[in-house]
1. Which residues, taken from the range 182-212, are open to solvent by less than 10 Å² (accessible area, probe 1.4 Å) and either at positive phi or among the hydroxyl-bearing types (Ser, Thr, Tyr) (or both)?
2. Can you name the condition, by its number, that LEU20 falls short on among (1) of a type outside the set (S, T, N, Q); (2) farther than 27 Å from ILE81 by Cβ; (3) in contact with a Gly (Cβ under 8 Å, 6 or more places away or on another chain)?
3. Taking the conditions exactly as written (closer than 16 Å to THR310 by Cα and at pLDDT 65 or above), does LEU199 satisfy them or not?
4. Of all residues in the range 129-145, count the ones that are surrounded by fewer than 21 Cβ atoms within 10 Å (Cβ to Cβ) and under 17 Å from SER36 (Cβ atoms).
5. Return yes or no: is ILE259 surrounded by fewer than 23 Cβ atoms within 10 Å (Cβ to Cβ), over 20 Å from the mean Cα position of the chain (by Cα) and modelled with pLDDT of 90 or more?
6. Give the range 43-60 a look and list any residue that's open to solvent by 60 Å² or more (accessible area, probe 1.4 Å) and of a type in the set (Phe, Trp, Tyr), or say none.
7. Any residue at all in the range 267-281 that is open to solvent by less than 10 Å² (accessible area, probe 1.4 Å), out of contact with any Phe, Trp or Tyr (no Cβ under 9 Å at 6 or more places or on another chain) and not in a helix (DSSP H, G or I)?
8. Only helices (runs of 4 or more DSSP H) wholly contained in the range 293-386 count here; list those with 2 or more residues that are open to solvent by less than 10 Å² (accessible area, probe 1.4 Å).
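The values are calculated or read from the model by the stated rules, or taken from the named source; none is laboratory data. This is a predicted model, so every value here is computed, not measured. Note that we place each Cβ from the backbone using ideal geometry, even for glycine, and neighbour counts take in every protein chain shown. Quick note on the areas: whole protein, heavy atoms, side chains included, nothing else; ligands and nucleic acids left out. Shrake-Rupley method; radii C 1.70, N 1.55, O 1.52, S 1.80 Å.
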Amino acid sequence: MLDLSQAVLNLGFLAGAFTLGYAADRYGRILTYLLSCLGVGICGIIVAFAPNFTIFLIFRFLQGVFGKGTWMTCYVIVTEIVGSDQRIVGIVIQIFFTLGIMALPGIAYLLPTWQGIQLAISLPNFLFLLYYWVVPESPRWLLTRKKGDKALKIMHNIAKHNGKYLSPHYSEITINNEEVSNPSFLSLVRTPQMRRNTLIFMYAWFTSALIYQGLVMRLGLVGGNLYLDFFISAAVELPAALLILVTIDRIGRRLPFAISNIVAGIACLITAFLPEDILWLKMTVATLGRLGITMAFEIVYLVNTELYPTTLRNFGVSLCSSLCDLGGIIAPFLLFRLAAVWLELPLIIFCILAVVCGLLVLLLPETKGISLPETVEDVEQLSRWP
């Protein structure tokens, strides 16, 4: 039942990637975000008071669907609304994700019932409905949907709040003459650069999620104080974000992306063969693995968003990250079943997956300092080497 409830949540994320990822590119970022927040809140309350396991599973699935809509759309809005030299705000968002995870064992400790925890993580979503009056629609999305006047109005408003003025040529924003096309999977694989990027990102998302969730769930297998172990393993994510902030604008995205995967893989391998009687060393190396895979996870968000055109960005990132949900579905079964054969066997699998991923991401183009691509043609023109 535990495996199933976790798998159903990830199945919800998977369904959300296809449905709400498409909706955000078709109907707008902010509308999809607000509906998703409402859905997470309502489904979360129903899960907390579910009269039986079937109802619990159905609404846990739906909470996964809407949960995917909230965080992917939120991430895309933020990335689209800033200039190329401020895109590291995508990593700053991840820091708040980490702070949330660090707060979770405290909430779990203070609210000893699972229903209490469920309500504590669901109710705040209703507050985000207030963003309707605060967060504008993405001007980039409006332009691709041929709504230049609305985009210009939002950009004027942003400039005014920043104490700046739009230069006159901004009023001559021209929208390419392409027909407004709705996102489709074929658009992600039709052209050579897009196809290569899509396949690499799908594998990177799958690997990151499988190893990340596998290492978190492994805490429950190795004993110790679950609250404290969970907090420490979450706190490790803060230096991961800081390392990215320090390196990403200096040496680019591709190298840290590759190194973090390879470090995670090697750390998993070493952990597997360290004897139990030097537990402190075993835990330290395992923590290094968690640091590496967290860096890889946070960079894949950023680079995936940067390497897809505005017309396909939300749908494309959601679709690629659906492999992350597949990884999340497989993780509990893989971990618990393989660990029954040999406790360290999952770590060997994690090692192979991570090292292969580290080598594959070297084939991606560098995105440091480039403008966000608006069309598929823009992506095709990005060369492999900077």
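1. THR198, THR207, SER208
2. In the conditions (1) of a type outside the set (S, T, N, Q); (2) farther than 27 Å from ILE81 by Cβ; (3) in contact with a Gly (Cβ under 8 Å, 6 or more places away or on another chain), LEU20 misses (2) alone.
3. no
4. Total meeting the criteria: 7.
5. On the way: surrounded by fewer than 23 Cβ atoms within 10 Å (Cβ to Cβ): yes; over 20 Å from the mean Cα position of the chain (by Cα): no; modelled with pLDDT of 90 or more: yes.
No, not satisfied.
6. Keep residues of the range 43-60 that are open to solvent by 60 Å² or more (accessible area, probe 1.4 Å), which gives 49, 51-54, 58.
Answer for the range 43-60, where residues must be open to solvent by 60 Å² or more (accessible area, probe 1.4 Å) and of a type in the set (Phe, Trp, Tyr): PHE49, PHE53.
7. Among the residues of the range 267-281, not one is open to solvent by less than 10 Å² (accessible area, probe 1.4 Å), out of contact with any Phe, Trp or Tyr (no Cβ under 9 Å at 6 or more places or on another chain) and not in a helix (DSSP H, G or I), which makes the answer no.
8. 313-341, 345-360
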